[in-house]
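Colleague: One structure is given below, represented as structure tokens, and several questions about it will come after.
The values are calculated or read from the model by the stated rules, or taken from the named source; none is laboratory data. What you see is a predicted model, and the numbers here were worked out from it, not measured in a lab. As a convention, Cβ positions derive from the backbone with ideal geometry for all residues, glycine included, and neighbour counts pool all protein chains shown. Heads up: the accessible areas ignore ligands, DNA and RNA and are worked out on the full protein's heavy atoms, side chains in. Shrake-Rupley method; radii C 1.70, N 1.55, O 1.52, S 1.80 Å.
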Amino acid sequence: MLYRNYFKRLIDMLVAALVLIIGCIPMLIVAIIVKITSPGPVFFKQRRYGLNSEPFNMYKFRSMSERAPELANQNFAYMDAYITPVGSFLRKTSIDELPQLINVFLGKMSLIGPRPLADTDRKVLDLRREFGADQVRPGITGLAQVNGRNNISDVEKAEYDTEYAQHVTARNDFAIVVQTIVKVVKQADINHE
């Protein structure tokens, strides 16, 4: 309980601040590349749901064109038609996720937790609320992400999210971080996210 209630938030703030400071120049370069390779804003902003199902604005580097419809990733018939020239690289390397560290630092998100979802994923959001998985801050990565991401069903996502919410420990978080690094290096399970 000590980790869940105090140390997890402290670690989130320290890691987010450190990465934002160290990464400010590379992130600025990414922002410039996003801006000059496609029309539109640098950041993708979307209302997502977090702790206690409260809405907040989540930020990512924009990897899709402005004309992309607002759909859950798995509902796109042909997503590649909307990916920007650098968008595929940003997604495969998860660089598009870096601005979420601002949300982590501000306390809207955590490094580890259920992914913050939008209204397009209403079924999973409702299941999370029903199972109590919305009682933890959403994360940049989480148990569902290292167990299949968008290759698993909505029910499985909610079950993994609930399992995580019931067992928030330093050991589990460390295991998820290691598994996430392996997934990113292998570029596994990212075809639709």
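Colleague: Taking only pairs six or more apart or across chains, which ones have beta-carbon atoms under 6 Å, a first residue in region 72-89 that is more than 20 Å from VAL30 (Cα to Cα), and a second residue that is at pLDDT below 90 and open to solvent by 50 Å² or more (accessible area, probe 1.4 Å)?
Modeller: ALA72/THR120; ASN73/HIS192; GLN74/HIS192
Colleague: Identify, by number, the condition in (1) closer than 19 Å to MET58 by Cα; (2) open to solvent by 30 Å² or more (accessible area, probe 1.4 Å); (3) part of a helix (DSSP H, G or I) that TYR160 doesn't meet.
Modeller: Failing condition for TYR160: (1).
Colleague: Out of ARG9, ARG91, which single residue is at pLDDT 95 or above and under 25 Å from VAL178 (Cβ atoms)?
Modeller: After applying the criteria, what remains is ARG9.
Colleague: Related question: Can you tell me which condition LYS8 does not meet? The list is (1) over 23 Å from THR93 (Cα atoms); (2) of a type outside the set (S, T, N, Q); (3) outside any helix (DSSP H, G or I), and all the others hold.
Modeller: Against the list (1) over 23 Å from THR93 (Cα atoms); (2) of a type outside the set (S, T, N, Q); (3) outside any helix (DSSP H, G or I), LYS8 comes up short only on (3).
Colleague: Across region 116-135, what is the number of residues that are open to solvent by 20 Å² or more (accessible area, probe 1.4 Å) and either at negative phi or in contact with a His (Cβ under 8 Å, 6 or more places away or on another chain) (or both)?
Modeller: 12
Colleague: Hey, among VAL177, VAL104, VAL184, VAL146, which residue is open to solvent by less than 30 Å² (accessible area, probe 1.4 Å), in contact (Cβ under 8 Å) with a residue 24 or more places away in the chain, assigned to a helix (DSSP H, G or I) and under 16 Å from VAL19 (Cβ atoms)?
Modeller: VAL104
Colleague: Tally the residues that are of a type outside the set (S, T, N, Q), touching an Asp or Glu at 6+ places or on another chain (Cβ under 9 Å) and not in a helix (DSSP H, G or I), restricting the search to region 109-137.
Modeller: 9
Colleague: Can I ask one more? Tell me whether region 70-90 contains one or more residues that are touching a Leu at 6+ places or on another chain (Cβ under 8 Å) and among the hydrophobic types (A, V, I, L, M, F, W, C).
Modeller: Scanning region 70-90 turns up no residue that is touching a Leu at 6+ places or on another chain (Cβ under 8 Å) and among the hydrophobic types (A, V, I, L, M, F, W, C).
Colleague: Continuing with this model, one more query. In the set PRO55, PRO138, which member is of a type outside the set (Ser, Thr, Tyr), under 16 Å from the mean Cα position of the chain (by Cα) and under 24 Å from PHE174 (Cβ atoms)?
Modeller: PRO138
Colleague: When region 18-27 is examined, which residues are found to be in a helix (DSSP H, G or I) and closer than 12 Å to ILE95 by Cα?
Modeller: Those that are in a helix (DSSP H, G or I) and closer than 12 Å to ILE95 by Cα: PRO26, MET27.
Colleague: Filter region 33-55 down to residues that are among the hydrophobic types (A, V, I, L, M, F, W, C) and under 16 Å from GLU97 (Cα atoms) and give me whichever is least open to solvent (accessible area, probe 1.4 Å).
Modeller: VAL34
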